[in-house]
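The structure under discussion appears below in the form of structure tokens.
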Amino acid sequence: LQNGGGGRFMHDKDLASLRKTIRRHIPQSIEKLKKFASIPSVTAQNKGIPEAVAYVVQLMKEAGGETKILDDLGGNPVVYGNFPAHKNRNTKKTLLFYNHYDVQPPEPLDQWDTDPFEPTELDGKLYARGVADNKADLVARLTAIQSLQSYGEGLPCNVKFIVEGEEEIGSPNLALYLEKYTDLFKADACIWEFGNKDEKERVIMAAGVKGMAYMELSCQSADVDLHSSMGAYIDNAAWRLVHALSSMKNDKNEIVVDGFYDGVIPPTESEIKAVKALPFDEEALKELHGLKRPLITKEKGQDPREAMVFEPTMTICGLESGYHGEGSKTVLPKRAMAKLDCRLVPGQDPDNIVACIRRHLDQHGYTDVEITVLNGQLAYRSDFSDPFVELVAETAEKAYETEVVIAPNHAGTGPMYEFGRNLNLPIVSTGVGWVNSRAHAPNESIRLKDFEQGVVHMAYLLEEFAKKS
């Protein structure tokens, strides 16, 4: 592997020495991760935030960093970390890490095999809510820094962290901090929060994310639930909402809301080429998730890989109405509610998506269906030809000793657009998850071997990144 004009990559014997140094730090790092994951920092439930902030500060200080708590613009505090390069290394280069300390709610609790906030080590895996998304990645990056400080000449370049506490509710306040503290967060490149291995142990990365328009649709037909016999002449909120939802997406899974696709920026030739090269094993996917229906892309005549990266979506995430307990209850629901998640691609604006859905509902006679916006984020793609993208992939290939796959954007969402707009830097997302990490689901986990490899990759990347002029 060639280092793009900055000399050859680290020799194998030096990489082996770095692995050995890192291995000495792993047991202590796992204990720190367990303590971190035991903090129930659930933003959606307003739990554990001060404790998580204090522990992130403690972790950074233990790794030799300087910290600032930014909390003057509303929302949960943003933790800034700064680790200056050793004076004899490249003090002109800076890598920024983005992470978050908040986690998803643990519910449904009855589907966990262990307590979600009592980290449990079993069969080489660590189970806990938030361990994969995203606490292990933060601890792995800090472990890489700490290892480098005791390896060779010390930290090879400047490193900064921005660790927020509202990612799991859409980062509603992060843009304000990025705008006010742009100079504080300035860097040459950024490593994003997440990544994983797939079912064939390939390392999966992305240089962008989809956007999102997340909303709640609701309607009410009476002040109280009524006897179901009155369905002969009284409208039913549940049926009304179902009909409203079905008017927006047909039985071929095509979104039929006028204006929904307005502004979509077509992918470049290099992005299309990269997506066509992505691996995709339909049978492995079906087996992994126990899929009961054919992929919807088959009927639409689409390549699933292109749909995953380039196509926007409209997903009903949840429905609630009437009685859904054990046995029967003959009731006509007074109210119905649905959570609707639209994943967006570059060029789509979440505000416009909401406006298009509002107009569609009104035009189809559903003026009584109310929309409450819960989250709106723009999509983002880094320049796929930026040398940093290749550097992250090449160092991962050598650190993990396996195949690396990198996509123009991930199918998920995050506040990456605000980083690109305010900081104007290339961004690549990579992390220590595995194919069955179950982020956002019960029994979330990481594998400890992936954690150690992730630490090696981050340390190795910092060494090679510092060589760049």
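The values are calculated or read from the model by the stated rules, or taken from the named source; none is laboratory data. Because the structure is a prediction, the values reported are computed rather than measured. So basically every Cβ, Gly included, is an ideal-geometry build from the backbone, and we count neighbours across all protein chains shown. Accessible surface is based on the protein model in full, side chains and every heavy atom, while ligands, DNA and RNA are left aside. Shrake-Rupley method; radii C 1.70, N 1.55, O 1.52, S 1.80 Å.
Below are the figures for this structure:
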quantity	calculated
Spin-label proximity, residue 255 to the range 359-395 - amide N less than 15 Å from point 7 Å beyond Cα toward beta carbon	359-361, 375-380
When the range 261-420 is reduced to its Cα atoms, the Kirkwood hydrodynamic radius in Å	19.2 Å
The range 180-333 shape via C-alpha gyration tensor axes, a/c threshold 1.5	prolate
Phi to ³J(HN,Hα) by Karplus 6.51 cos²θ - 1.76 cosθ + 1.60 over the range 166-183, Hz, x for Gly, Pro	9, 4, 6, 10, x, 6, x, 10, 5, 4, 4, 5, 5, 6, 6, 10, 3, 5
Normalised contact order of the range 328-458, rounded percent, pairs of Cα under 8 Å and 6 or more residues apart	22 percent
Cα-Cα P(r), the range 83-152, percent of pairs per 10 Å interval	16, 37, 24, 16, 7, 0
Computed over the range 250-372: relative contact order in percent, which uses C-alpha pairs under 8 Å that are six or more apart	32 percent
Long-range amide H partners of residue 334 with built H, under 5 Å	225, 226, 322
Ranked order, 273, 180, 249 - accessible area, probe 1.4 Å, largest first	273, 180, 249
Surface/4 estimate of mean projected area, convex hull on alpha-carbon atoms of the range 161-214, nm²	5.4 nm²
Length added when fully stretched, residue 329-residue 72, from 0.36 nm per residue minus Cα-Cα	87.5 nm
Entries of 300/339; 34/467; 13/467; 87/210 with Cα pairs more than 28 Å apart	34/467; 87/210
Descending Cα extents along the principal axes, the range 1-86, whole Å	48, 30, 24
Candidate residues 457, 25, 243, 410: accessible-area rank, largest first, probe 1.4 Å	243, 410, 25, 457
Virtual spin-label span in nm between residue 352 and residue 397, 7 Å along Cα→Cβ	3.8 nm
Distance between the range 167-188 and the range 413-469 - C-alpha centres, whole angstrom	18 Å
Shape of the range 127-177, Cα gyration tensor, a/c cut at 1.5	oblate
Stokes-Einstein D (µm²/s) once Rh is taken as the Kirkwood radius of the range 407-469 over alpha-carbon pairs, at 10 °C in 1.306 mPa s	111 µm²/s
Modelled FRET efficiency - R0 51 Å, residue 234 with residue 111, Cβ distances, 0.05 increments	0.90
Largest to smallest accessible area among 264, 56 [probe 1.4 Å]	264, 56
Calculated FRET efficiency for the pair residue 45/residue 296, C-beta based, R₀ 35 Å, to 0.05	0.60
Where labels lie 7 Å past Cα in the beta-carbon direction, separation of residue 220 and residue 362 in nm	2.2 nm
Å² of accessible area per residue within the chain, as computed with a 1.4 Å probe and no ligands counted	45 Å²
The range 152-236, accessible surface, carbon-and-sulfur percent (1.4 angstrom probe)	49 percent
The range 8-142: C-alpha gyration tensor shape, a/c 1.5 cut-off, then a/b vs b/c	oblate
Extension gain, residue 370 back to residue 386 (0.36 nm per residue minus Cα-Cα distance, nm)	1.4 nm
Test item: Cα-centred dipole of the chain, Lys/Arg +1 and Asp/Glu -1 on Cβ, debye	1220 debye
Computed log₁₀ I(q)/I(0) - Debye formula, equal Cα scatterers, no solvent, the range 341-400, q 0.13, 0.16, 0.19 Å⁻¹	-0.56, -0.66, -0.78
Rg to Rh quotient for the chain, alpha carbon positions, Kirkwood Rh	0.99
Contact order relative to length of the range 32-72, as percent, for alpha carbon pairs under 8 angstrom and 6 or more apart	22 percent
Kirkwood hydrodynamic radius of the range 291-373, from inverse mean 1/r over distinct Cα pairs, in Å	16.0 Å
The range 44-75 residues near the modelled residue 28 label - backbone nitrogen below 11 Å, point 7 Å along Cα→Cβ	62-64
Kirkwood-based Rg to Rh ratio, the range 329-436, C-alpha trace	1.15
Surface share of carbon and sulfur [accessible, 1.4 angstrom probe, percent] for the range 24-119	48 percent
The chain: calculated mean residue ellipticity at 222 nm from DSSP helix runs of at least 4, using -39500 (n - 2.57)	-10000 deg cm²/dmol
Solvent-accessible area of residue 234 with every protein chain in place, 1.4 Å probe, in Å² to the nearest 10	40 Å²
Distance-filtered residues of the range 447-464 - backbone nitrogen under 15 Å, label point 7 angstrom along residue 288 Cα→Cβ	447
